[in-house]
Each structure stands twice: as C-alpha cells, then as structure tokens.
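Working notes, beginning with the structure itself.
Values quoted throughout were computed directly from the atomic coordinates according to the rules given, and no laboratory measurement underlies them. Quick caveat, the model's predicted, so the values are computed rather than measured. Reconstructed Cβ throughout: ideal geometry from the backbone, glycine too, with neighbour counts over all protein chains shown.
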Amino acid sequence: MTTLTVNIDNKKSEKAVKAVLDALGLSYNVEAKPTNAPRPLNKAELRIYKRLKRSLEQIKLHQEGKIELRDARELLNEL
C-alpha cells in the first residue's frame, strides 16, 4: 500500500482530484485543515519577531520610567 498526500487549496481542483480517484477505484481520506491557522515562523521571521518583541519591551520600560533610551541624535552620532 502506498500513501499519497496532496495539499489542495482550490475547491474545484479538489473535486476534480476526487473524481479521478473515484474513477480509478482508489480509496482516499480527506482531512480538512482550518485555513485561519497560523503557519510556523521560519528562522528569519522568528529573529525579526524576537527583535520587535524586545524593542516593545524596552519602550514599555521607558514609558514606565525604568530605563532611559537614547535619542535619535545620539544614535546617528554613533553611526
């Protein structure tokens, strides 16, 4: 027995593939996955997410008066 997994996003294509499988007399199983489920982040996206999260945490601490952030002029002078 061989198992073949096919991911189909288009309903018309799904119906056509089912019709072909039925015509060939093959059995199949349909597993519908929710379309609104978030996909896992890749390495680059995860790195950006972590940097943004750290930046937002620093902004929150600055607003609470717990840390002092550099202003843009200091940053540009450093570059």
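What the table below lists for this structure:
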quantity: Convex hull per residue volume in Å³, alpha carbons only, for the chain; calculated: 198
quantity: 30 Å Cα-Cα reach of residue 33 towards lysines, excluding residues that sit fewer than 8 places from it in its own chain; calculated: 11, 12, 15, 18, 43, 50, 53
quantity: Angle in degrees between helix 11-23 and the longest Cα principal axis of the chain, rounded to the nearest 10; calculated: 30
quantity: Computed E for residue 3/residue 23 - FRET, C-beta separation, R0 35 angstrom, nearest 0.05; calculated: 0.95
